[in-house]
Structures are given as C-alpha cells and as structure tokens.
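Chemist: Before I ask anything, let me first share the structure, which is written out below as structure tokens.
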Amino acid sequence: MIAIDRRAPKALHRQIYDAYRAAILEGRLRPRQRIPSTRVLASEIGVSRFPVLNAYAQLLAEGYLESRVGAGTVVSRSLPDQFTRSEPTDARLAATRPGPRLLARRASIPPRREVSSWLRGWGAFGVGQVAFDQFPLHVWSKLVARRCRKPDAKSFHYGDPMGSAGLRETVAIYLRTARSLRCEAEQVMIVSGSQQALAIAGRVLFDPGSQVWVEEPGYFLARDAFALTGFHLVPVPVDMEGLDVTAGIQRCRKARAALVTPSHQFPLGVTMSASRRFQLLEWAQNTGSRIIEDDYDSEYRYESLPIASLQGLDANARVIYIGTFSKVLFPSLRLGYVVIPPDLLDRFLEVRRAMDLGPPTFHQEVLADFIAEGHFARHIRRMRLLYRERRSALVDSIRQELGTMVEVLGCEAGMHLTVTLPRGTRDREVAARAARQNLWVWPLSASYHGEVARPGFILGFGSTAVAEIPGAIRQLRTLLTVK
Ligand SMILES: Cc1ncc(COP(=O)(O)O)c(C=O)c1O
C-alpha cells in the first residue's frame, strides 16, 4: 500500500502520510483496521523509523489514526462517512467502464432466494439448528489441545483426498453397527458436507442433461447442487410410503439416478416402506441406474429403533450413501461422508483430487478421537433425549394452539417436523413476516420443484428450548390468522 520513491522531491514522511491518507479516504483502509507499527513499516519499506514516526504523528494529530492501548494503531473509528469512500460493491461496479461481462449459464440455475430470507436467521424453529450449547466443548478442546501438544507432521501437510485414515475407519465401524451398512473403510470418503458429496457424485455419474429423479417435495439445496452441474431434474411425488417408484418409472424410466431420503424424507418425514425400497433397488438394477441415499438425521428416532439404511439392503452395490455430522455434532464443522460402491472408487477419488485435493485434516483427526473414545455415542444419546422432549413440547403446542388448522407430519425422527396449512395459505409470505419476528420457519412450498401440492411450514426444534415453544407457536398462530 505504501510505495516510496527515494528520488522523488517529496519528503519521505510526506509520501507515507499521503499514502495512508489516500487509502483511508478511498476506503481501502476501514475504521478500526489495524496498521503496522512504525518499526514494522520502516523495515518493510526500507527506511529509517524517523519519517514513519513523523507521518504517524501527523495522521494521529489530524484524527485519521488513533492509538489504542493493547490494540496498537488503528484507523480512526470516528471518521465521518462522507469523508470515506467505501461504496458497496454494486456502486463501485457502476463506476467501471461498460462492456460485455459474460457469465456461465449455469450460474443462474439456482434460484435467487429472497433477500430477507427465512433461511438466514438464528432463533425459534430455525431448521438445521442444533443445541450447540449442549455440545461437550470442554471435551473437544481437550482433544484439540492433545493433538497440538504432540503435533504429527502428517496433520499439517496435504492429506489423503479420501479423508484421514483414522476417521474413515471409525466412520465405517459406526455405519456398519449403527446404520447396517455394507462397507469397508476404503469405501468411505470424507467430504465437507452433503452438498459436496452430491457435487462429486454428480460429476462422476452424470453428464449435462442427464436425467435424475428427485423427491417432490424435496431438499432444495440438494436440488440446487445437482441442477448446478447441469442435470435435468425429474420431480417424483412422495406419498405415505416415500418416493413413488411407479410414478418415477412412468415419468422417466431411464433416469440415471434417484436422490432419496428414505429414513426420514425431507420435508414430509415419511419413512420409505420396505416394499418401496425393494422396488427402487430393482428399478436401479434393471435400468443400470444409481440410487443416492441422503441419510442426514437418522440418529434421532423417537418412537422406534433407527431405521436400517437402504444401502444395507442393496446386494448389487447400486447405492451411494451420504451422511453428515451437521445434525449430530454441528453444521459449521462441515464434515460428512460418502460410502462409495467399489466400482466407482477410482472415479470418485480422481474427481475429488481435481476439485479440492481433500478435506482439512486436523479436525478430522480430532473427530476420529471424539468418536473412538466414546464421546460421540454419549452425545447422541443425550441429544436424543433432549430433542425428544423439545419435539413433544412442540407437537403439544401445535395441537393446542393450531388444532385442526394444521396436520403434523414427520415428528417421529430428526430435528424438524412439518405442518401442512389450509390450501391457499401463502406460506412464503407468512414465513417472511415470521422471520421479522425472529421465528425462522421454512415455507413448505419452497421444497417443491414444480406445482405446490400443499402449503405449510417446516419447523426446526433443535435449538428451541421447551420454555420458548408455546409462546413462539402462539406468535405463529397470530401471524396465520391476522391477514
Ligand atoms: C435433506 C438434508 N440433507 C442434508 C442436510 C445436511 O447437509 P450438510 O451436510 O451439507 O450440512 C440437510 C440439512 O438440513 C438436509 O435437510
């Protein structure tokens, strides 16, 4: 930022002063931003400390800089806005010269969601929000500290694109025992969440224009991830037994794959029946198609034992299984996994390597310790009790306050449930109004690719305390009844 010209007639301290002043006024340096100490700057630009001290003294005296005890020298917090030019990106762009600016067609495929979106906030009924305050951070930080005390060079270098060996092994054990998968550690790839798993699977399996069954209604971020890669999505209705395979065959028998959430359909909450599972597996075998199973929250089942995975039923290695730690631990961890059929392993590996070389290693190793030492299983057991209590309180409040106005779906598992609303209710509008009151329900209509069959709301209960629930539901009732 500071360029010094020793041959220029302007004195060095004046050059430094002018450079800082211009950077502040043009918004390249922002209020509160720290600037280097005089010693560091002098050594970086190769001058003695005197001109730097002089320039800083002038900038401090004129109020461009301020020094704060313990924080060094920072750009002044009290500069009036009109003196600084830190325009938003759009305004800055408007000032540039016009000319063609081409974009990829696929960049406009994911729909632009509302600015004041119900997706954004943190609070009552936020979908996908976990009780992070219950996470055993003291255990996690001990495990991090232990790994830092005895650092292993491998943890600090590029890792295996498939993920760290320790984590893959613990995940494979967990999936075989808790989810009845047929898998070995070599088939497990660690990814940064289910979106990345879909992006990799999509690149391995499909070409632009390939047809893929998606559940209708379904998880819109999964749909976006697939659409972005240029696939043609074929919405297939979901009924009380899960994805309607016969309808899928009628619409597009030769689809290359089906993306399903069989344990706890998102968002309707249905568990796919055994006969549908076999029908789906048979379709895949007959047509050479693949099934992508998104098993995102099956650790939490409240009325029965967890439902065995579809992958475990598949004798022909047609299922690609995706799981995530976003629900059982916390979403910002951005860790999940894919279990890859043996015939696709090389392809997945090559695509992965080309995309991002692999997931960050350090936290994978911490997570492997967390699982291997029993903390994971303990955390799930505790959370299952907590979420069950929150779920029951929510169902009770909905029954009491909303009565027959709504139907409750999918409350046997997971961290969210769905309520359907009377036909004609504009669920997106109500959700947008609810967001302004700090209620973060998702409109059911956003889960439809095509025509909306029923309006409704998806309500998360992971981060909503029991005591908060009745009041928040009463607020929602008011929003629904007041036009
Ligand atoms: C159907 C479904 N799949 C997957 C996820 C989790 O995705 P990720 O692993 O990207 O956090 C969610 C989160 O809400 C979901 O609803």
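Chemist: Calculate, in nm to one decimal, what Phe50 and Arg384 gain on full extension: separation in residues at 0.36 nm each, minus their alpha carbon distance.
Modeler: My answer for the length gained is 113.8 nm.
Chemist: Could you run the Karplus curve 6.51 cos²θ - 1.76 cosθ + 1.60 with θ = phi - 60° over the stretch 274-287 and give me ³J(HN,Hα) per residue in whole Hz, x for Gly and Pro?
Modeler: With coefficients 6.51, -1.76 and 1.60, one gets 4, 5, 5, 4, 5, 5, 5, 5, 5, 4, 4, 5, 5, 9 Hz.
Chemist: Continuing with the same structure: Using a 1.4 Å probe on the protein heavy atoms, what percent of the accessible area of the stretch 252-411 belongs to carbon and sulfur? Numbers along the way, then the final one.
Modeler: On the way: 3240 of 6240 Å².
Answer for the stretch 252-411 is 52 percent, counting heavy atoms of protein chains only.
Chemist: How many angstrom lie between the Cα centre of the stretch 254-333 and the Cα centre of the stretch 206-221?
Modeler: Each part reduced to its Cα centre gives a spacing of 15 Å.
Chemist: I've got another one for you. For every other residue with a beta carbon closer than 14 angstrom to the beta carbon of Arg474, add +1 if it is Lys or Arg and -1 if Asp or Glu, then tell me the sum.
Modeler: Around Arg474, the charge tally is -1.
Chemist: Grab the Cα-Cα distance for Glu186 and Lys154, subtract it from 0.36 nm times how many residues apart they are, and report the gain in nm with one decimal.
Modeler: The span from Glu186 to Lys154 would gain 9.6 nm if fully extended.
Chemist: Once each part is reduced to its C-alpha centroid, what is the distance from the stretch 362-414 to the stretch 108-172 in angstrom?
Modeler: First find each Cα centre; the distance between them is then 18 Å.
Chemist: Run down the aspartates and glutamates and flag those whose C-alpha is under 20 Å from the C-alpha of Lys142, throwing out any fewer than 8 positions away in its chain.
Modeler: Excluding near neighbours in sequence, the set is Asp133, Asp152, Glu365, Asp369, Glu373.
Chemist: Turning to a different aspect of this structure: Relative contact order for the chain using alpha-carbon pairs under 8 Å, separation at least 6, rounded to a whole percent?
Modeler: 18
Chemist: Also, quick follow-up: Give the peptides 185-196, 462-473, 440-451 in descending order of average Cβ contacts within 10 Å, highest first.
Modeler: 185-196, 440-451, 462-473
Chemist: On to the next question. Could you check how much of the accessible area of the stretch 419-465 is carbon and sulfur, as a whole percent, using a 1.4 Å probe?
Modeler: Numbers: 850 of 1850 Å².
Here carbon and sulfur together make up 46 percent of the probe-accessible area.
Chemist: Taking 56 Å as R0, compute the FRET efficiency from the Cβ-Cβ separation of Arg39 and Ala178 and round it to 0.05.
Modeler: Between Arg39 and Ala178 the formula returns 0.45.
Chemist: Please give the calculated 222 nm ellipticity per residue for the chain, where each DSSP H segment of at least 4 residues contributes -39500 (n - 2.57) and the sum is spread over every residue; nearest 500 deg cm²/dmol?
Modeler: After summing the helix terms and dividing by residue count, I get -12000 deg cm²/dmol.
Chemist: Given charges of +1 on the Cβ of Lys and Arg and -1 on the Cβ of Asp and Glu, with all other atoms neutral, how large is the dipole of the chain about its Cα centre, in debye to the nearest 20?
Modeler: Approximately 1580 debye in magnitude.
Chemist: May I ask you to give the solvent-accessible area per residue for the chain, in square angstrom, as obtained with a 1.4 angstrom probe?
Modeler: 49
Chemist: Which log10 I(q)/I(0) values does the chain give at q = 0.08, 0.09, 0.13 Å⁻¹ under the Debye formula, counting every alpha carbon as one identical point scatterer?
Modeler: Log10 of I(q)/I(0), two decimals: -0.64, -0.77, -1.21.
Chemist: Mind jotting down a quarter of the surface of the convex hull over the alpha carbons of the stretch 227-267, in square nanometres, one decimal?
Modeler: So the Cα hull casts an average projection of 3.3 nm².
The values are calculated or read from the model by the stated rules, or taken from the named source; none is laboratory data. Everything numeric here is computed off the predicted structure, so don't read it as measured data. Positions of Cβ are backbone-derived with ideal geometry, glycine not excepted, and every protein chain shown enters the neighbour counts. Surface areas here come from the heavy atoms of the whole protein model, side chains and all, with no ligands, DNA or RNA. Shrake-Rupley method; radii C 1.70, N 1.55, O 1.52, S 1.80 Å.
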